[in-house]
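To keep things clear, I will list the structure first and then write my remarks on it.
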Amino acid sequence: MKERKRRFGDRYDGRRLRTLSPMSYVSPYIMKTRVTSSNYIRDKFDTEKAEEYVRKKRDEGLKGFGMMHVLIASYIRVVSQRPGINRFIAGQRIFARNCIDVMLTIKLDMTLNAPDTVIKAKFSPDATAEDVYNELTRIIDGYRENPGGGFDNAAKVLSHIPGLVLRFAVACLRTIDYFGLLPKFLENVSPFHGSFFITSMGSLGIPPIYHHLYDFGNVPVFLSFGAVERKNELQDDGSVKQKRYIEYNVVTDERVCDGFYFASALKMMKKILKNPFCLDEKPAEIVEDID
């Protein structure tokens with residue numbers, strides 16, 4: 001993303017958009033919360049090429065490379081061409097985010113009582129699938145070697161505050177965030193501030209859920225995906241072929257951009273997922289959001 005001079009009304013995590021349509025300007029005042037502004041979308045994609053791509057990357061030495069990396073890299077590639085989905089609402093204003101922040105929940109091990117945490121990774125819009133893999137591996141391995149830190153430390157401090165005081169403290173955080181004054185060190189670890197939250201239900205053995213957006217913070221998109229499903233389909237020649245699909249659900253904040261724009265972005269993502277080999281190369285062009 002190109003460097004821009006900060007203007008009055010901009011935040012450190014995003015620049016205020018000033019050329020929006022009147023409807024876009026007014027909608028955050030009418031639809032005041034992300035939960036009441038949420039749209040729910042269900043779709044699926046054929047995994048034939050994606051699974052072939054995963055095998056290729058593992059053969060190249062990317063141990064543990066999987067569908068999570070493909071989905072995140074695909075979303076980042078879409079943001080590079082449809083930057084409007086990387087906007088956020090704060091203080092009833094619409095901002096274009098300065099970077100791409102991706103959040104996901106991890107556990108130390110897959111047991112009922114194992115602790116979990118949310119990790120947050122920053123990417124540039126020209127990130128490739130290998131860039132995504134390397135950054136996530138660095139963060140996850142670092143956390144598993146030294147649990148704690150970041151959001152865990154912040155949550156631990158808050159957990160020791162008495163209930164009524166904690167309620168007041170969170171209200172204060174919400175107020176200063178409204179005015180763009182939340183300290184950077186809190187925003188850097190907050191799982192409630194970012195571009196995109198993704199969760200794998202397939203790893204838990206259940207179908208994807210519609211995960212709500214958070215009213216605290218500014219995350220505008222939450223994606224949940226399930227395990228690979230097999231389906232027998234009748235072909236044009238009368239034969240039956242077994243195909244493999246992954247179903248995913250997306251919840252979006254409809255105020256950040258219009259339905260046509262969101263639909264275009266989701267169709268682009270599905271096209272990439274059907275043949276993700278393009279993620280090995282950086283995009284030829286990075287599209288900038290409006291002023």
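Here are some notes:
- Normalised size of region 36-131, defined as Cα radius of gyration per 2.2 N^0.38 Å with N residues, equals 1.30.
- Helical runs (DSSP H, four residues minimum) scored at -39500 (n - 2.57) apiece and divided by the length of the chain put the mean residue ellipticity at 222 nm at -11000 deg cm²/dmol.
- Rolling a 1.4 angstrom probe over the chain with all protein chains present gives an accessible area of which 57% lies on carbon and sulfur atoms.
- Here region 180-249 and region 15-72 have alpha carbon centers that stand 8 Å from each other.
- Screening the chain for DSSP H helices whose Cα atoms reach 20 Å or more along their own axis and whose mean Kyte hydropathy is at least -1.0 gives 67-81, 129-145, 163-178, 259-274.
- Restriction of the chymotrypsin sites (Phe, Trp or Tyr not before Pro) in region 138-215 to DSSP coil positions whose beta-carbon has at most 14 other beta-carbons within 10 angstrom yields Phe179, Tyr210.
- Equivalent ellipsoid, region 101-229 (semi-axes from 5 times Cα gyration tensor eigenvalues, Å): 26, 18, 17
- Annotation for region 208-291: GluC sites (Glu not before Pro) lying in DSSP loop with at most 14 further Cβ atoms inside 10 Å of their Cβ are Glu281, Glu285, Glu288.
- When the alpha carbon coordinates of region 142-291 are projected onto the principal axes, the ranges are 68, 42, 29 Å, largest first.
- Compactness index (Cα Rg / 2.2 N^0.38 Å), region 1-160: 1.24
- Placing one equal scatterer on every Cα of the chain and applying the Debye formula, the log10 ratio I(q)/I(0) at q = 0.08, 0.11, 0.12 Å⁻¹ is -0.36, -0.69, -0.82.
The values are calculated or read from the model by the stated rules, or taken from the named source; none is laboratory data. These numbers were taken from a predicted model, which means no experiment stands behind them. Positions of Cβ are backbone-derived with ideal geometry, glycine not excepted, and every protein chain shown enters the neighbour counts. For the accessible areas, the whole protein counts, side chains as well, though only heavy atoms, and no ligand, DNA or RNA atoms are used. Shrake-Rupley method; radii C 1.70, N 1.55, O 1.52, S 1.80 Å.
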